[in-house]
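Engineer: I have a structure I would like to understand better, so I am pasting it below and will then ask my questions one at a time.
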Amino acid sequence: MAKYNLKINGKTQQVDVDPSTPMLWVLRDHLNMVGTKFGCGMAQCGACTVHLDGNAVRSCSLPVSVVGKGAITTIEGLSADATHPIQKAWLEHDVAQCGYCQSGQIMSATALLKNNPKPTDADIDAAMSGNICRCGTYLRIKEAIKSVASPLTPNGGKK
Amino acid sequence: MTTLNRRSFLKASALSGGGLLLSSFIKVTDTRPPVVDKAEMQMVFNQLNGFVKITADNVIKIMSPNPEGGQGVKTSMPMIVAEELDVDFSKIIIEQADLDTKHFTRQFIGGSQAIHQGWKALRTAGATARQMLMEAAAKTWNVPLEEISTKLGVLHHKKSNKSAKYGEMATAAAQIPVPKDVKLKSVKDFKIIGKSQRNVDLEKIVSGKPLFGIDTKVEGMKIAMIVHPPAMGLTFKAVQNELAIKKMKGIVAVFPIKIFNDDYEKTFFDTTQFNEVVAVIGNSTWEVMQAKKSLKVEWKEAEAYAEKRNMNGRKTTLNIPAGLESSADHAKKFVEKMTQSANVRRKDGDIETAFTNAAKVIERTYNGPFLAHNCMEPMNFFAHVTDEKAELIGPLQKPEFTEQALSARLGMPLEKIDIKMTRLGGGFGRRSYAHWLIEAALISQQVKAPIKLIYTREDDMTAGIYRPAYAAKYRAALDADNNLIGFHVKVGGMPQSPLAPNRFPAGAVDNYLAEDFTIDTNLTVGSYRAPHSNFMAAAEQSFLDEVAETAGKDPIAFRLALLKRAKENPVGKNNDYDADRFAKVLELVREKSNWENTKATKKLGFSAYFCHDSYAAHVLDLEMKDGIPIINKVFCAIDCGIVVNPNAAKNMAEGGIVDAIGAAMYGKMTFTKGVPDANNFHNFRMIRHNEAPKAIDVFFVENTEDPTGMGEPAYPPVHAALANALYKATGKRLYQQPFNEYLQT
């Protein structure tokens, strides 16, 4: 066991865990932040996506010991009340079905738009193809991302 | 066979027994409850009953009875209640009901039936509550009931200029005897039904709030995992290093559990691949995962046995063979069975003569593999079992059945078992077989603590309960004028037959034969989104495309001619589809896709199917790029009667189409000596963003028929629409799934 001071959503949080513990389980089990989801445990499905210094990473395969001073952002860190532009786009497009994969989808999308505010369809595919949705909401996810990337809302109004 | 005549489970309406409780309740907490704190849960849940609850200070709550797994019922079922109650949908609180057999019937996910079968009860619940409020107002104001009207949660008496919010009359209304035969609205007066409402949980979903079973956490809770045999056909023998595991950091206990007792008569959903597994319990998930990896278990080959089942009084026996099975052997068995006699399920006319006299005979064989469900939320359940009671929290599809199984296993009466349903991170049939709930309960009972059982993805994918493997041989006889004079299907499944013998094209062909067979296996199977239809539609609609082509006919016109025959002069009496409604979806998708004008230039595939009481037809438009299909667009027409929540229904159709393209292109689960060949998403390929269609247009047939299924019907026709479009693009007919493997060869 070892103590880690982690910077999560702008706050420093201390945990005492085995160094091999993935951030996913640090968040879920030790910090009670359950928005980040367990899907595969091997960085294949993207349900556990968080940001490490602004980049999308799979927290199930990110040992706490390598995070160091890196800033972690989770779905809870976007906004608590669904007011982040991406969250609003998800609401506007009524994206989710079961919803389980969506926090991972949203974190991948947020990282994409941060680094590439005007992604093409191919950019979106490339950035999002690590996130599986068994319900098949991919088209709505893409539309939601594009609505944030473009100055027009799907209804044609200005944001 | 785990098939279920769902109608046989319908009890009298909840309302006829006075089930509607229009209660005043005191404490209102936020009600789409985070399953986090046990004390809070008890406070929120235990006092509440019925569909409609209104506080004196006018908080209106509608209970959503069925589990929500992405099919949207937590929004659409309360919409139906709210319509008749006459309230502002945006202002009500919606809450997931617990399993509550006193007040609700059919609290389960299955067969796309929630809205279809709940339609009348939900409407009556809303209308009855409204009537009671009106009666209370009439009594309070001392005016005739006929003079009371309502508008968006407010009662009015125009003559005396009196009005009151529902809340002001709620306490009085709760004293009114439940009225019978309340009048329901006319369809044309609907204000909520038919207007898109957003998923009521969406804000919580996008902000990462606890909603799912796996998010459950209570004080003192331990984490449990199971280790099951590595191969189908193996069973537990002994734990070899129990002491070493117990010494590992954070580990509390290791022991085997037996899910069903030997003498237990299983019912519909009591299915598990491995009846004995080893439980590992510890303080945190990661610690338990480490211990699980270090655990050494001795397994042995299971013996053949006859599994006794009692399906609501109908007793059956399923033969479970011994041995370690491989997919190569399965394929041989299907080939062998095709040459042997099968069960005749329907026979019209003289099939032998039709084929003897045929000018052309077409014969094709189709195969579909086992498939894992792969819900994104791995199987999990919370349990806290004491001598006094059992408290269970988590995602499951058939709580009433599972509760009965648990009651039998624990020897605990149903009243002492409390099942709370969380949102399901996907179901697709898999969460009907809640053996993991029983596992969780047994583990909690033994460690005397609240526990949350979590399956790893590998546990989830390799624990059995797959879509059955199938094979179908179709034969068609055409006369010299290219009329379809004979149709023969022989289909089998391992271990369940997928045949629905009275579906199209039964009724449209004079000489028709449908027969089936099963093959025993020790692999467990279960419902998988649109059970059996997902294969039957794929095979039949691919075949009909080839038959139409051989006959030199347009594939849509060919089917429409058959439907015309079935409507005007049907063969046989038991045809279970409405030919007219079926034809309308074909016509609608033909028109919307501009089929007639584009079929010569574009690579279009057509397919249509009727199941779960709804009709669906697709036109899929694709092109090949570097040997890979790029799906430009899917046009989808559906007749599911009245569409309750249009945007959500559209989402279901889109999702069904994407999901089915994934299964058709990439999905397979094969076995080598009993070991599943895939165990996680690196070797079980799922459809991803870049492989989804670029666009999907969904069109609903407008009518005033009572609503029917939407969760499944869009799914089955997809495989063949894709296969038929791939044929146009590549010249290659696809007879085996997954298509991706056969496109390359």
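All of the numbers you see were taken from the coordinates with simple rules; none came from a lab. Quantities reported herein were computed from a predicted structural model and do not represent experimental measurements. No Cβ is skipped: glycine too gets one built from the backbone with ideal geometry, and neighbour counts run over all protein chains shown.
Engineer: Provide the per-residue ³J(HN,Hα) series for the stretch B:554-567, in order, calculated from phi with Karplus coefficients 6.51, -1.76, 1.60 and θ = phi - 60°, each as a whole number of Hz, with x at glycine and proline positions.
Structural biologist: Each residue of the stretch B:554-567 in turn: 5, x, 6, 4, 4, 5, 4, 5, 5, 5, 5, 4, 5, 7 Hz.
Engineer: Right, here's the next one. Test of understanding: extend the Cα→C-beta vector of residue B:187 to 7 Å, then name every residue of the stretch B:707-725 with backbone N under 11 Å from that spot.
Structural biologist: B:707-708
Engineer: Which links in B:53/B:222; B:188/B:694; A:7/A:114; B:603/B:668 stretch past 28 Å when you go from one Cα to the other? Walk me through the numbers before you get to the answer.
Structural biologist: Details: B:53/B:222 35 Å; B:188/B:694 36 Å; A:7/A:114 20 Å; B:603/B:668 26 Å.
In this structure, B:53/B:222; B:188/B:694 lie more than 28 Å apart at Cα.
Engineer: If we count other beta carbons within 10 Å of each Cβ, what is the order of B:521, B:317, fewest first?
Structural biologist: Numbers: B:521 25, B:317 10.
By the 10 Å Cβ count, ascending: B:317, B:521.
Engineer: Can you give me the Cα centroid spacing of the stretch B:144-170 and the stretch B:388-412 in angstrom?
Structural biologist: 44 Å
Engineer: Need one value for A:81-90: mean number of C-beta atoms belonging to other chains within 10 Å of its residues' C-beta atoms.
Structural biologist: Details: counts 2, 8, 2, 2, 0, 1, 6, 1, 1, 6.
Counting Cβ atoms of other protein chains within 10 Å of each residue's Cβ and averaging gives 3.
Engineer: Taking amide H positions as placed in the peptide plane 1.01 Å from N, state which residues far from residue B:700 in sequence (5 or more) or on other chains have amide H under 5 Å from it.
Structural biologist: Amide H to amide H, under 5 Å and 5 or more residues apart or across chains, residue B:700 pairs with B:638.
Engineer: Which aspartates and glutamates, on any chain, are close to residue B:315 with Cα under 17 Å apart, when same-chain ones fewer than 8 places away are left out?
Structural biologist: Candidates past the 8-residue exclusion: B:262, B:263, B:265, B:270, B:307.
Engineer: What's the ranking of B:484-493, B:136-145 by average number of surrounding C-beta atoms within 10 Å, highest first? Let's see the in-between values first.
Structural biologist: Values: B:484-493: 25.1, B:136-145: 16.3.
Most protected by this proxy first, the peptides run B:484-493, B:136-145.
Engineer: Turning to a different aspect of this structure: Provide the per-residue ³J(HN,Hα) series for the stretch B:177-190, in order, calculated from phi with Karplus coefficients 6.51, -1.76, 1.60 and θ = phi - 60°, each as a whole number of Hz, with x at glycine and proline positions.
Structural biologist: Per-residue couplings from phi come out as x, 5, x, 9, 6, 6, 7, 9, 5, 7, 3, 5, 8, 4 Hz.
Engineer: How well do other chains shield peptide A:120-128, expressed as the mean number of their Cβ atoms within 10 Å of each residue Cβ?
Structural biologist: Working: counts 0, 3, 1, 0, 2, 5, 2, 1, 3.
For peptide A:120-128, the averaged partner shielding equals 2.
Engineer: I need the calculated FRET efficiency for the pair residue B:101 and residue B:140, taking r as the beta carbon distance and R₀ as 25 Å, to the nearest 0.05.
Structural biologist: Working: r = 34 Å, r/R0 = 1.37.
According to the calculation, E is roughly 0.15.
Engineer: Which three lengths, in whole Å and largest first, does the stretch A:2-78 cover when its Cα atoms are put on their principal axes?
Structural biologist: 29, 26, 20
Engineer: With the cut-off at 20 Å, tell me which of the pairs B:151/B:191; B:249/B:300; B:266/B:398; B:74/B:165 have Cα atoms farther apart than that.
Structural biologist: Working: B:151/B:191 11 Å; B:249/B:300 29 Å; B:266/B:398 14 Å; B:74/B:165 25 Å.
Pairs exceeding the cut-off: B:249/B:300; B:74/B:165.
Engineer: Using modelled backbone amide H atoms (1.01 Å from N, in-plane), which distant-in-sequence or interchain residues come within less than 5 Å of residue B:645's amide H?
Structural biologist: B:194
Engineer: Highest mean first, how do B:642-648, B:631-637 rank when packing is the count of other Cβ atoms within 10 Å averaged over residues? Present the calculation step by step, with values, prior to reporting the outcome.
Structural biologist: Details: B:642-648: 21.9, B:631-637: 23.9.
Descending packing order for the listed peptides: B:631-637, B:642-648.
Engineer: Can you give the Kirkwood hydrodynamic radius for the protein assembly as shown, in Å, rounded to one decimal and based on Cα pairs? Provide the component values of the computation, followed by the final result.
Structural biologist: Numbers: mean 1/r = 0.0349 Å⁻¹.
Answer for the protein assembly as shown: a Kirkwood hydrodynamic radius of 28.7 Å.
Engineer: How many angstrom lie between the C-alpha centres of the stretch B:710-745 and the stretch B:450-490?
Structural biologist: The two parts, judged by their Cα centres, are 14 Å apart.
Engineer: Moving on to the next point. In peptide B:425-434, how many Cβ atoms from other protein chains are near each Cβ within 10 Å, on average? Walk me through the numbers before you get to the answer.
Structural biologist: Details: counts 10, 8, 1, 3, 0, 0, 0, 0, 0, 0.
Neighbouring Cβ atoms belonging to other protein chains average 2 per residue here.
Engineer: Could you run the Karplus curve 6.51 cos²θ - 1.76 cosθ + 1.60 with θ = phi - 60° over the stretch B:217-231 and give me ³J(HN,Hα) per residue in whole Hz, x for Gly and Pro?
Structural biologist: Once θ is set to phi - 60°, the couplings for the stretch B:217-231 become 8, 10, 3, x, 6, 9, 9, 10, 9, 10, 10, 10, x, x, 9 Hz.
Engineer: Another question, then. Please list, ordered by chain and number, the residues whose modelled amide H lies under 5 Å from the amide H of residue B:603; skip anything fewer than 5 residues away on the same chain.
Structural biologist: B:622
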